[in-house]
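The values are calculated or read from the model by the stated rules, or taken from the named source; none is laboratory data. Small disclaimer: the values here were computed from a predicted structure and weren't measured. Keep in mind that these areas ignore ligands, DNA and RNA; they rest on the heavy atoms of the full protein, side chains included. Shrake-Rupley method; radii C 1.70, N 1.55, O 1.52, S 1.80 Å.
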Amino acid sequence: MDVALAEARAAGARGEVPVGAVIVQGGRVVAQAGNRTRELRDPTAHAEVLAIRAACAAVGSERLVGHDLYVTLEPCAMCAAAIAAARIGRLFYGAADPKSGGVAQGARVFSHPQCHHVPEIYDGIGGEAARALLVEFFAGRRG
């Protein structure tokens, strides 16, 4: 989660919502990314999607079976669907997202009968640090 938090900090420094993600297999980092929606002018450029794209390119497959995804914020519905499509084995996330979350909040993508793959889910990992980054970022925007 430390790598994901570093990616989140870098995203925040670029003016992006501070969310970071890292994909790991067997203790080895395969891909990492932070949000880049503004920079790329792409609403799908969430940290999770960018990390999944990079990991798939690195392993040469559209499937990431046996890979773990660490992300600082509960994935939204779009990202949860991408996680299912990529067949990520385990999802670890930090802060809950009551507004836009798609795992334990809102859409609850993995609970939907049309979801073809459900990763093991572990929440609250590095949650306080992730939450603090988000609170500080948005306080700066409102102030």
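Length gained on full extension, residue 107 to residue 90, computed as 0.36 nm times the residue gap minus the Cα-Cα distance: 4.2 nm. Rolling a 1.4 Å probe across the protein heavy atoms gives segment 2-143 an accessible surface of 50 Å² per residue.
Counting only DSSP beta bridges with both residues in the chain, the antiparallel share comes to about 55 percent. Considering only 66, 20, 89, the mean-square fluctuation computed in a Gaussian network model of the chain, springs between alpha carbons under 10 angstrom, is largest for 66. Pick from 63, 28, 90: which residue has the top mean-square fluctuation in a GNM of the chain where Cα pairs under 10 Å get a spring? Evaluated over the chain, the most mobile residue of the options is 28.
For the pair segment 69-143 and segment 1-26, the centres of their Cα atoms are 13 angstrom apart.
In plain terms, if you count all Cα to Cα distances in the chain and split them into 5 Å steps from zero, the share in each step is 2, 11, 22, 25, 22, 12, 5, 1, 0, 0 percent. A full extension of the chain between residue 136 and residue 44 corresponds to an added length of 30.8 nm, given 0.36 nm per residue minus the alpha carbon distance.
Only Cα pairs under 8 Å and 6+ residues apart enter the sum, and on that basis the relative contact order of the chain stands at 20 percent. Length available on full extension from residue 53 to residue 121: 0.36 nm per residue minus the Cα-Cα distance, which gives 22.4 nm. With respect to the chain, whose longest principal axis is taken over its alpha-carbon atoms, helix 47-59 is tilted by about 40°.
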